[in-house]
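See below for the structure under consideration.
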Amino acid sequence: MLLPWLAEVELDLGRWDDARAHAEEALRTAAGQRVTAADAHAVLARLAALRGDAEACRAHAGLVLREAPAQDNALAAAQARWALGALHLSRGEYDSAAERLSSLGHRDIVAAAAVDRAEALSGGLSGGSPDDRPFEQARHRLRQGQRLRRERRITEARVELRTALETFESLGAAEWAAAAGRELRAAGSFAPASGRLTAQERQVAELAAAGLSNREIGARLFLSPRTVGYHLYKLFPKLGIASRAQLRDVVLSG
């Protein structure tokens with residue numbers, strides 16, 4: 001059946017909703033075709049890993065790894081292990097990611113991880129330079145931004161990191177978007193870790209960061225203090241912070 005192959009191509013091209021739909025259709029129509037079912041579960045495991053859905057990733061990968069030995073489907077098994085490694089990586093679990101990747105023969109990645117774990121492992125998953133795959137392009141830009149920030153080339157770093165963030169968010173790669181957002185904030189630029197601020201949330205955030213109280217903000221924006229508090233409650237997780245005091249460390253530059 002061609003549906004798992006189509007889903008895999010769509011996944012690589014950034015058409016993640018289409019990939020999921022076709023992989024799920026392959027499962028519904030597999031009718032006892034265990035190889036087809038394993039291939040579809042492998043695609044869904046990869047997709048879940050990229051989107052940060054740990055439960056779904058482990059469930060789909062587990063099904064593949066339980067079935068693959070019996071049907072000698074080495075490719076699906078390798079994709080399932082890749083998915084588990086990618087999931088660990090997106091969550092910052094570099095030792096576990098290295099262990100998963102080394103089981104696929106990526107010993108060079110594990111060795112390099114001792115020098116620069118996050119960057120080496122992140123680069124090693126794709127096995128080459130990015131091409132027309134949006135996710136790989138975004139990860140390349142994230143790595144470039146990290147490097148430029150370490151070299152104190154801040155303006156260039158912000159461009160790379162913001163582009164990476166926007167691509168990750170458009171794909172629904174939540175964990176990777178959060179990582180790009182953290183890097184962008186470390187580069188001194190405003191970047192919500194998940195989602196975008198509304199115009200009013202941005203106004204509230206800027207005034208709160210300047211030290212104004214809820215009542216003072218409300219007076220300026222013609223809002224009640226309760227409404228200001230509600231906006232702050234909503235925007236904190238978008239900015240990846242937990243308290244009002246942290247707003248002062250976030251540069252709201254755009």
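The values are calculated or read from the model by the stated rules, or taken from the named source; none is laboratory data. Since the structure is predicted, the reported quantities are computational estimates derived from the model, not experimental observations. Because the Cβ atoms are built from the backbone with ideal geometry, glycine has one as well, and the counts that use them run over all protein chains shown. These accessible areas exclude ligands, DNA and RNA; they are computed on the full protein's heavy atoms, side chains included. Shrake-Rupley method; radii C 1.70, N 1.55, O 1.52, S 1.80 Å.
Are there any pairs, at least 6 apart or on different chains, whose C-beta atoms fall under 6 Å, with the first in the range 23-48 and closer than 15 Å to Ala74 by Cα and of a type in the set (S, T, N, Q) and the second open to solvent by less than 10 Å² (accessible area, probe 1.4 Å) and not in a helix (DSSP H, G or I), and if so, which?
Once the first residue is closer than 15 Å to Ala74 by Cα and of a type in the set (S, T, N, Q) and sits in the range 23-48, its partners that are open to solvent by less than 10 Å² (accessible area, probe 1.4 Å) and not in a helix (DSSP H, G or I) give Thr36/Ala30.
How many residues are open to solvent by 30 Å² or more (accessible area, probe 1.4 Å) and without any contact (Cβ under 8 Å) to a residue 40 or more places away in the chain when one looks only at the range 57-87? Even if it seems obvious, please write down each step before you answer.
Of the range 57-87, the ones open to solvent by 30 Å² or more (accessible area, probe 1.4 Å) are 58-60, 63, 65-67, 69-72, 74-75, 78, 81-82.
Subset that is without any contact (Cβ under 8 Å) to a residue 40 or more places away in the chain: 58-60, 63, 65-67, 69-72, 74-75, 78, 81.
Residues in the range 57-87 being open to solvent by 30 Å² or more (accessible area, probe 1.4 Å) and without any contact (Cβ under 8 Å) to a residue 40 or more places away in the chain: 15 in total.
Find all pairs meeting these conditions: Cβ atoms under 7 angstrom apart; at least six residues apart or on different chains; first residue within the range 172-184 and more than 13 Å from Leu239 (Cβ to Cβ); second residue among the polar types (S, T, N, Q) and modelled with pLDDT under 85.
So the pair list comes out as Ala174/Ser194; Glu175/Ser90; Trp176/Ser90.
Would you confirm whether any residue within the range 27-44 is modelled with pLDDT under 85 and open to solvent by 60 Å² or more (accessible area, probe 1.4 Å)?
yes
Residue-by-condition table, conditions (1) surrounded by 22 or more Cβ atoms within 10 Å (Cβ to Cβ); (2) hydrophobic (A, V, I, L, M, F, W, C); (3) modelled with pLDDT under 85:
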residue	(1), (2), (3)
Ala120	no, yes, yes
Gly127	no, no, yes
Asp131	no, no, yes
Pro134	no, no, no
